[in-house]
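The structure under discussion appears below in the form of structure tokens.
The values are calculated or read from the model by the stated rules, or taken from the named source; none is laboratory data. These numbers come from a predicted model, not from an experiment. Note: ideal-geometry Cβ built from the backbone for every residue, glycine included; neighbour counts use all protein chains shown. For accessibility, only protein heavy atoms count, side chains too; no ligands or nucleic acids. Shrake-Rupley method; radii C 1.70, N 1.55, O 1.52, S 1.80 Å.
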Amino acid sequence: MFDAALKDAQTRVQAALDDAMAGLDGTVADAMRYTCQGGKRLRAFLAIESGRMHHVAPAQADRAAAAIEAVHAYSLVHDDLPCMDDDDLRRGNPTVHIKWDEATAVLTGDALQTLAFDILSAPDTGHADVRVALISTLAKAAGADGMVLGQALDIAAETADAPLTLDQITRLQAGKTGALIEWPACAGALMAKADPAPLRQYAQALGLAFQIADDILDIEGDAAKAGKRLQKDTAAGKATFVSLLGMDEAKARAKALVAEAEDALAVYGGAADNLKAAARFVISRES
């Protein structure tokens with residue numbers, strides 16, 4: 001059931017992204033389309049599932065899914081730049097600055113970010129108050145108090161006098177990874193004007209479990225399956241959940257967070273089974 005729902009979300013969000021980029025021409029447009037191919041589409045899945053649970057029209061949920069995937073893609077393009085994480089491989093393909101150049105990568109990220117808000121601002125996304133709520137919350141999640149803050153803290157950690165503590169790394173990852181997981185999980189409730197609190201609690205646990213799983217994969221994973229270079233943090237001497245907790249405790253913490261995420265969904269009953277499966281998926285994935 002989960003596998004089918006994830007595949008459906010992947011197909012639907014790709015169609016929505018293709019539609020949003022239809023008519024765009026030039027090198028940046030080519031790079032945008034290149035960047036928006038592949039990936040797990042977990043964030044799109046969360047938007048679509050939370051929409052389904054709240055009886056949001058599928059076409060509306062697809063727009064929220066496309067918006068979050070556009071922002072996520074932008075964050076990856078910029079994160080891969082030499083001035084950031086300096087990666088040459090993403091999803092098994094050359095990163096944008098390698099395939100084109102750094103200026104194209106910067107502009108591609110910029111264009112993808114603004115595309116997300118263009119998608120959300122369109123009347124097809126919903127009533128004006130719903131569109132404003134989605135836009136304002138995504139701006140916060142992606143901005144200086146969310147993903148960008150997490151990225152900034154991550155960069156600062158590279159030149160810090162001492163490795164980050166567990167509390168510091170948890171705060172960093174709540175922004176860098178968690179904020180763009182929390183937004184789509186809550187998007188369905190926002191579109192339905194329902195209380196997003198249970199989904200927010202779910203997503204906060206899910207985001208942290210996701211990052212711990214990433215830290216585990218960085219050590220135990222297969223680079224070919226991951227589609228990117230591994231063990232970069234270890235080589236750089238950066239603190240991770242694994243370095244701070246140890247491998248066994250990190251795996252135990254991830255499992256506990258999955259259980260916490262599932263418990264947060266109790267109010268939805270069986271309607272949340274796919275979201276529960278998603279929580280289990282994030283700590284068993286290979287990429």
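Observations on the model:
- Scan of region 152-186 for residues that are touching a residue at least 60 places away in the same chain (Cβ under 8 Å) and of a type in the set (Ser, Thr, Tyr), ordered by number: Thr165
- Hits in region 91-117 - residues which are open to solvent by 70 Å² or more (accessible area, probe 1.4 Å) and in contact with an Asp or Glu (Cβ under 7 Å, 6 or more places away or on another chain): Ile98
Rundown of residues vs (1) open to solvent by 60 Å² or more (accessible area, probe 1.4 Å); (2) outside any helix (DSSP H, G or I); (3) modelled with pLDDT of 95 or more; (4) over 15 Å from Thr170 (Cα atoms), yes/no style:
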residue	(1), (2), (3), (4)
Leu206	no, no, yes, no
Asp215	no, no, no, no
Ala224	yes, no, no, yes
Thr234	yes, no, no, yes
Lys238	no, yes, no, no
Ala261	no, no, yes, yes
Tyr268	no, no, yes, yes
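- Qualifying residue in region 74-94 (condition: of a type in the set (Lys, Arg), out of contact with any helix residue (DSSP H, G or I) (no Cβ under 7 Å at 6 or more places or on another chain) and on the phi > 0 side of the Ramachandran plot): yes
- Considering only residues in region 133-175 that are in contact with a Leu (Cβ under 9 Å, 6 or more places away or on another chain) and β-branched (Val, Ile, Thr), the one that is most open to solvent (accessible area, probe 1.4 Å) turns out to be Thr165.
- Selection from region 240-259 of residues that are crowded, with 19+ Cβ neighbours inside 10 Å and aliphatic (A, V, I, L, M): Val242, Ala250, Ala254, Leu257, Val258
- Failed item in (1) surrounded by 24 or more Cβ atoms within 10 Å (Cβ to Cβ); (2) among the basic types (Lys, Arg); (3) over 18 Å from Ala16 (Cβ atoms), with Arg63 passing the rest: (3)
Residues checked against (1) farther than 25 Å from Ala9 by Cβ; (2) part of a loop (DSSP other than H, G, I, E, B):
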{"site": "Ala65", "(1), (2)": "no, no"}
{"site": "Leu76", "(1), (2)": "no, no"}
{"site": "Leu81", "(1), (2)": "yes, yes"}
{"site": "Ile98", "(1), (2)": "yes, no"}
{"site": "Val106", "(1), (2)": "yes, no"}
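- Number of the exception - Asp88 against (1) out of contact with any strand residue (DSSP E or B) (no Cβ under 9 Å at 6 or more places or on another chain); (2) surrounded by fewer than 22 Cβ atoms within 10 Å (Cβ to Cβ); (3) among the acidic types (Asp, Glu): (1)
- Selection over region 118-129 of residues that are surrounded by 18 or more Cβ atoms within 10 Å (Cβ to Cβ) and either touching a strand residue (DSSP E or B) at 6+ places or on another chain (Cβ under 6 Å) or part of a helix (DSSP H, G or I) (or both) gives a count of 3.
- Residue list for region 25-40, restricted to those being more than 28 Å from Arg52 (Cα to Cα), outside any helix (DSSP H, G or I) and open to solvent by 70 Å² or more (accessible area, probe 1.4 Å): Asp25
- Test for Ala189: is it within 21 Å of the chain's Cα centre (by Cα), touching a residue at least 40 places away in the same chain (Cβ under 8 Å) and part of a helix (DSSP H, G or I): yes
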